[in-house]
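The next block holds one structure in the form of structure tokens; read it before the comments.
The values are calculated or read from the model by the stated rules, or taken from the named source; none is laboratory data. Just so you know, these numbers come straight off a predicted model, no measurement behind them. Neighbour counts run over all protein chains shown; Cβ positions are idealised from the backbone, glycine included.
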């Protein structure tokens, strides 16, 4: 139902120049009341809409690209955090004051905004979320037409500059507000990634972390049941609750994995699944409750896609590569490496036409999902793969882990030197061994039987280290100890 735009938030009538320091490399995140509030959300919403609408008008006049065929609308959704609805309403007010219509998805995950932006042919989309950040944080994730990412050097800086200046164009009309909370089209699209006739009897533990995933999980379970799929699901921390009574949903923290692991063991489940707050990442546990590192899931899904689509391209990041490259080669795929980060991965996928892209951070991207990441598609593909192969998850990845053991991502805070100084120093340290060097993303040094990648985090004040070997666990452990000790001598302490 369309309505005139009415929100509880009322902006100022005049806008002075301010500084907004919640803009990051890929999105906007800040501490509530410190560098993110309703006034800032309004300015961001209005700046975002004004810039996209100006591009839209120019395209309509010149007919130079497919932006002209889109609707003058922006999709917006928000996660379950208590502050998200208020920030969303402020952003909506900014958008409609810019003369652009709004489609409000209600409480939703980031991938629902990705889907709806393309499905409704909108100019762009916003998800109000802080994902796995502390409870006193929130943020906004932005995409432009066709669900394409907006990053610091590709539109985000322009939005920041306009939001800070407050030099908004006064419009003769306000945009309209339409509430569209029906998830049917999104659910139906996600289900196209698997053949439900191939599913065998499986018991799953799904931990939604009291985030935004629960309602979507319910709808997917309903679809599986309607298809006659013999899938049993034990729901854990299922009800969305912005107070996060069981802790912030972030399965990357080991302590946050315990509840899922215990539930898998207690229920003798075949698979454990856990999500972060906005469920754009999916984490998997085998039937023994063991957490499976994301790099091995990338290899597993690459194999699944190459079995379906021979000779296709697979995109992966440079942090951990041995296993992924071996799987792609074995299954006659085309390996395409990309710098880490969703905006880079998505662009490389578009350029190469890749069917799938994966990062070890548990972000998985799909050509048939507008080259965007989804947390729901991976677990559906996994249960299909378990059904087709008759194997357990541990059996599917055990060979990968043995052939290419890795350290997992090790994070360090810097106390003495900055990241460039440390990266330059470690390159000098190992230069005598003549490794193959890559600076695609931080520093990668590849020796004959092992390699490492050391890079600066794009989202946190950390450096991140990954080490892997070719089937030699003892060598791996030795190199982990050696490099950790060297980093400690440089003042880098484990985070």
Checking residue 189 against (1) assigned to a helix (DSSP H, G or I); (2) more than 23 Å from the chain's Cα centre (by Cα): exactly one of these is not met. Which one? (2)
Candidates 434, 453, 446 - the one that is surrounded by 18 or more Cβ atoms within 10 Å (Cβ to Cβ) and not assigned by TED's automatic domain parsing to the domain that holds residue 269: 453
Can you tell me which residues in the range 157-185 are more than 20 Å from residue 96 (Cα to Cα) and buried (at least 17 other Cβ atoms within 10 Å of the Cβ)? 183
In the range 340-390, residues that are under 21 Å from residue 440 (Cβ atoms) and in a loop (DSSP other than H, G, I, E, B) total 10
Restrict the check to the range 303-316 and report whether at least one residue is modelled with pLDDT of 95 or more, under 20 Å from residue 464 (Cβ atoms) and in the same structural domain as residue 353 (by TED's automatic domain parsing). yes
With respect to residue 277, determine if the residue is outside any helix (DSSP H, G or I) and surrounded by fewer than 19 Cβ atoms within 10 Å (Cβ to Cβ). no
Requiring at least 3 residues that are closer than 27 Å to residue 35 by Cα and modelled with pLDDT of 95 or more, the strands (runs of 3 or more DSSP E) wholly within the range 110-182 are 124-128, 137-143
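Tally the residues that are at positive phi and either touching a strand residue (DSSP E or B) at 6+ places or on another chain (Cβ under 7 Å) or crowded, with 21+ Cβ neighbours inside 10 Å (or both), restricting the search to the range 337-353.
Looking only at that region, the number is 1.
Can you find even one residue in the range 316-326 that is surrounded by fewer than 24 Cβ atoms within 10 Å (Cβ to Cβ) and without any contact (Cβ under 8 Å) to a residue 40 or more places away in the chain? Write out each step before concluding.
The initial filter retains those residues of the range 316-326 that are surrounded by fewer than 24 Cβ atoms within 10 Å (Cβ to Cβ), namely 318, 322, 325-326.
Still in the running and without any contact (Cβ under 8 Å) to a residue 40 or more places away in the chain: 325.
Yes, there is a match, as at least one residue in the range 316-326 is surrounded by fewer than 24 Cβ atoms within 10 Å (Cβ to Cβ) and without any contact (Cβ under 8 Å) to a residue 40 or more places away in the chain.
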Might you let me know whether the range 200-218 holds any residue that is closer than 30 Å to residue 34 by Cβ, in the same structural domain as residue 253 (by TED's automatic domain parsing) and free of Cβ contacts under 8 Å to residues at least 60 places away in the same chain? yes
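Has the range 447-455 got at least one residue that is farther than 30 Å from residue 130 by Cβ and either under 23 Å from the mean Cα position of the chain (by Cα) or without any contact (Cβ under 8 Å) to a residue 24 or more places away in the chain (or both)? Break it down into steps so the answer makes sense when it comes.
Applying the first criterion (farther than 30 Å from residue 130 by Cβ) to the range 447-455 yields 447-452.
Narrowing further to those that are either under 23 Å from the mean Cα position of the chain (by Cα) or without any contact (Cβ under 8 Å) to a residue 24 or more places away in the chain (or both): 447-448.
Yes.
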Which ones in the range 431-446 are assigned to a strand (DSSP E or B) and either free of Cβ contacts under 8 Å to residues at least 40 places away in the same chain or more than 14 Å from residue 339 (Cα to Cα) (or both)? 436, 437, 443, 445, 446
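Only one residue in 68, 49, 90, 60 is outside the structural domain of residue 241 (by TED's automatic domain parsing), part of a helix (DSSP H, G or I), closer than 21 Å to residue 143 by Cα and touching a strand residue (DSSP E or B) at 6+ places or on another chain (Cβ under 9 Å). Which one? Even if it seems obvious, please write down each step before you answer.
Numbers: 68 fails: touching a strand residue (DSSP E or B) at 6+ places or on another chain (Cβ under 9 Å); 90 fails: touching a strand residue (DSSP E or B) at 6+ places or on another chain (Cβ under 9 Å); 60 fails: touching a strand residue (DSSP E or B) at 6+ places or on another chain (Cβ under 9 Å).
The match here is 49.
Would the range 405-415 turn up any residue that is outside any strand (DSSP E or B), within 30 Å of the chain's Cα centre (by Cα), in contact (Cβ under 8 Å) with a residue 24 or more places away in the chain and over 30 Å from residue 287 (Cα atoms)? Break it down stepwise before answering.
Within the range 405-415, the first condition is being outside any strand (DSSP E or B), and the residues that meet it are 405, 407-409, 415.
Next, from what is left, pick out any that are within 30 Å of the chain's Cα centre (by Cα): 405, 407-409, 415.
Pick out the ones that are also in contact (Cβ under 8 Å) with a residue 24 or more places away in the chain and you get 405, 407-409, 415.
With the extra rule that they be over 30 Å from residue 287 (Cα atoms), the set shrinks to 415.
Yes, there is a match, as at least one residue in the range 405-415 is outside any strand (DSSP E or B), within 30 Å of the chain's Cα centre (by Cα), in contact (Cβ under 8 Å) with a residue 24 or more places away in the chain and over 30 Å from residue 287 (Cα atoms).
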In this structure, does residue 78 turn out to be farther than 20 Å from residue 159 by Cβ and at pLDDT 95 or above? no
Of all residues making up the range 39-55, the number that are buried (at least 20 other Cβ atoms within 10 Å of the Cβ) and in contact with a helix residue (DSSP H, G or I) (Cβ under 7 Å, 6 or more places away or on another chain): 11
